[in-house]
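> Can you read through this structure? Questions will come right after.
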Amino acid sequence: MAVVLAASAQAELLNEAGKIFVGKKRFVAAIEAYTEAITLCPNIAKYYANRAICYRKLRQWTKVESDSRRAIELDSRYSKAHYILGVALVELQDFAGGIKELEKALNIEGNDKQQSEQVMEIREILAKAKYSEWEFLFSKHDLKLLSLKESCEKALREYHFLHDFQASNETGNDLIEQLKLLDEVFREAASINMPTEVPDHLCCKITLQLFQDPVIAPSGVTYEKAMIMKHLDMVGNFDPFTREPLERNQLVPNLAIKAAVQAYLDEHPWAYNTNQ
């Protein structure tokens, strides 16, 4: 029993040493310290998560994935491990997997910590991941459309050539018109998922960006919570648009707008980039 306690105490000292190395940005030394801690106590989730963070700094993504998965095996409710795994999977272009892990991290953190630094960071990474996923899928979709268009153009030209239409001005004009129509059809198909302007009612009147945490004032005006709180603290207790008196406790979460923003983002993932 004394040996087990000694090993546990020694591992904790190594973990603390690793944190000191991280503070000095000596990530390789930190990894060595965490590895020794893991050797002594291989069933402690935080040692793997801490080592994964160091591997993240070194951009060794497969090692980040391996360590964070092991941490989750040991503690499935470990939000930091889900977060780091999500980051690694996104970097490895497993966008769906990364988004799933980041959302798990947010769910574990809970609604009571919505303005914490950790939650804000996860939300920011999640938004970037969803935009990257859209960008990746859109690029693949665009290439498929281009390939299909080229095949259709080739088929049209071969059809006219095989029917000996190339010698006729009338049928030559038919080919030109058909190619123009084909180009128009594919332009429209490509534009369906192209970024446009975000509707005004989904944006804060102060930041002019998509709402993340909208709250409504007694005046009926909806604001981004962080910005209206900042206004009340630094400028005064009044509504910035109506100039009516306004206190913090009068602000109410606007769940309808929050749901509308999420629905819009689900349908237009490119909009995740508008707040960056």
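The values are calculated or read from the model by the stated rules, or taken from the named source; none is laboratory data. Since the model is a prediction, treat every value here as computed from it, not as a measurement. Positions of Cβ are generated from backbone atoms using ideal geometry, with glycine treated the same way; all protein chains shown enter the neighbour counts. Protein only, heavy atoms only, side chains kept; ligands, DNA and RNA dropped before computing areas. Shrake-Rupley method; radii C 1.70, N 1.55, O 1.52, S 1.80 Å.
> Roll a 1.4 Å probe over the protein chains and send me the accessible area per residue for segment 48-110 in Å².
On the way: 2810 Å² over 63 residues.
Accessible surface, normalised per residue, equals 45 Å².
> Further question: Using a 1.4 angstrom probe on heavy atoms only, work out the carbon and sulfur share of the accessible area of the chain in %. The partial results should precede the final answer.
Details: 9110 of 16630 Å².
Carbon and sulfur together cover 55 percent of it.
> Here is a further query. Holding the Cα-Cα limit at 22 Å, pick out from LYS25/LYS230; LYS63/LYS104; LYS63/LYS140; LYS80/LYS230 the pairs that are longer than that. If you can, show how the numbers build up before the last one.
Numbers: LYS25/LYS230 33 Å; LYS63/LYS104 20 Å; LYS63/LYS140 28 Å; LYS80/LYS230 28 Å.
Result: LYS25/LYS230; LYS63/LYS140; LYS80/LYS230 exceed 22 Å.
> May I pose another question? To the nearest 10 degrees, how steeply does helix 61-74 sit against the main Cα axis of the chain, on a 0 to 90 scale?
Roughly 60 degrees, rounded to the nearest 10.
> Taking Rh as the Kirkwood radius computed over C-alpha pairs, what is the Stokes-Einstein D of segment 203-244 at 37 °C in a medium of viscosity 0.692 mPa s, expressed in µm² per second? Walk me through the numbers before you get to the answer.
Working: Rh = 10.2 Å.
Translational D for this selection: 321 µm²/s.
> What full-extension length gain, to one decimal in nm, is calculated for GLU73 and ASP174 as 0.36 nm per residue of separation minus the Cα-Cα distance? Present the calculation step by step, with values, prior to reporting the outcome.
Numbers: separation 101, 0.36 × 101 = 36.36 nm, distance 6.50 nm.
So the chain would gain 29.9 nm between GLU73 and ASP174.
> Continuing with this model, one more query. With the crude spin-label approximation of a point 7 Å out along Cα→Cβ, what separation in nm comes out for VAL185 versus THR242?
Roughly 5.4 nm, to one decimal.
> Give the accessible surface of segment 212-270 per residue, rounded to a whole number of Å², with probe radius 1.4 Å and ligands, DNA and RNA excluded. Write down the numbers at each step before the final one.
On the way: 3380 Å² over 59 residues.
Solvent-accessible surface per residue comes out at 57 Å².
> Hey, another quick one. Over the Cα atoms of segment 19-138, each weighted equally, I'd like the Debye log10 I(q)/I(0) at q = 0.18 Å⁻¹, rounded to two decimals.
After summing over all Cα pairs, the log10 values are -0.92.
> Is segment 182-276 rounded, prolate or oblate when judged by the Cα gyration tensor, a ≥ b ≥ c being the square roots of its eigenvalues, rounded requiring a/c under 1.5 and prolate requiring a/b larger than b/c?
On the way: a/c = 3.38, a/b = 2.94, b/c = 1.15.
Prolate, since a/c reaches 1.5 and a/b exceeds b/c.
> What number, rounded to the nearest 500 deg cm²/dmol, is the helix-based mean residue ellipticity at 222 nm of the chain, given -39500 (n - 2.57) per DSSP H run of at least four residues and division by all its residues?
Values: 10 runs with 183 residues, N = 276.
Rounded to the nearest 500, the figure is -22500 deg cm²/dmol.
> Can you tell me which of 203-213, 122-132, 77-87 comes out highest on packing, and rank the rest after it, using the mean Cβ neighbours within 10 Å? It would help to have the intermediate numbers written out before the result.
On the way: 203-213: 17.3, 122-132: 19.7, 77-87: 24.0.
Top to bottom by mean Cβ count within 10 Å: 77-87, 122-132, 203-213.
> Okay, moving on. Check cross-link reach from LYS130 to the aspartates and glutamates: straight Cα distance under 14 Å, and skip same-chain residues fewer than eight apart.
Qualifying aspartates and glutamates at Cα under 14 Å: GLU91, ASP94, GLU101, GLU103, ASP266, GLU267.
> Output the relative contact order of the chain, whole-number percent, from Cα pairs under 8 angstrom with separation of 6+ residues. Intermediate values should be presented prior to the final figure.
On the way: 302 pairs, mean separation 28.4, N = 276.
The value is 10 percent.
> Still on this model: Going from the alpha-carbon gyration tensor of segment 56-124, what semi-axes, largest first and in whole Å, does one get by taking the root of 5 times each eigenvalue? Intermediate results must be reported in sequence, preceding the final value.
On the way: eigenvalues 75, 35, 22 Å².
Equivalent-ellipsoid dimensions as semi-axes: 19, 13, 10 Å.
> While we're on this one: Could you state the per residue volume, in Å³, of the convex hull enclosing the Cα atoms of the chain? Don't skip to the answer; put the middle values down first.
Numbers: hull volume 56.9 nm³, N = 276.
Residue-normalised Cα hull volume stands at 206 Å³.
> Starting from 0.36 nm per residue, how many nanometres of slack lie between GLU135 and ALA7 once their C-alpha separation is accounted for?
Details: separation 128, 0.36 × 128 = 46.08 nm, distance 4.85 nm.
Full extension of this stretch gives 41.2 nm more.
> Going highest first, how would you order 150-161, 13-24 by mean Cβ packing within 10 Å?
13-24, 150-161
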